[in-house]
1. Does residue 97 qualify as being of a type outside the set (Ser, Thr, Tyr) and at pLDDT 70 or above?
2. What helices (runs of 4 or more DSSP H), lying completely within segment 11-93, carry at least 3 residues that are at pLDDT 85 or above and within 12 Å of the chain's Cα centre (by Cα)?
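The values are calculated or read from the model by the stated rules, or taken from the named source; none is laboratory data. Fair warning: this is a prediction, and the values are worked out from it, not measured in the lab.
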Amino acid sequence: ANNYLSIIGKVSMGTEFALKAVIHNSPVAFVALVMPLVLLWGGYLLRIAEWPLVQIDEDKHPWNYFWITIVTMVTVGYGSNGMIPNTQFGRLAMGVVALAGLVISGL
C-alpha cells in the first residue's frame, strides 16, 4: 500500500518523509525529544573536550557542562560565571549546539 501511495503522490516514503510527518503532526513532541538529546550530546562533547583542563581546575563540576549547553542552546549567552569552552573542540561543539538551538527554536 505504501508503494502504491508513493507512486500516486510522486513522493518517496523514506526517512525524510517520516521525519517531516512527525514534525508536522506533533512538533511539541519532536522538540521535547530532540532538546534533551542535544543537551546530553553537547554536554558530553564539551566534557570530553575540556577533560584535560578539568583535571587541572577541579572547580569545574560535570553538571556545569550541561548548564553551559542549556544556556548556549537557548541562546541566552554564557553569563557571568566565566564558564566558557577553552579548547577548539569545545568551541566547535558549543557552536553546533547553538545552531541546533536556533533550529529547534525555529520549529
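1. Here the answer is yes, as residue 97 does meet what is asked.
2. On the way: elements: 15-25, 27-49, 51-56, 62-73.
Output list reads 27-49.
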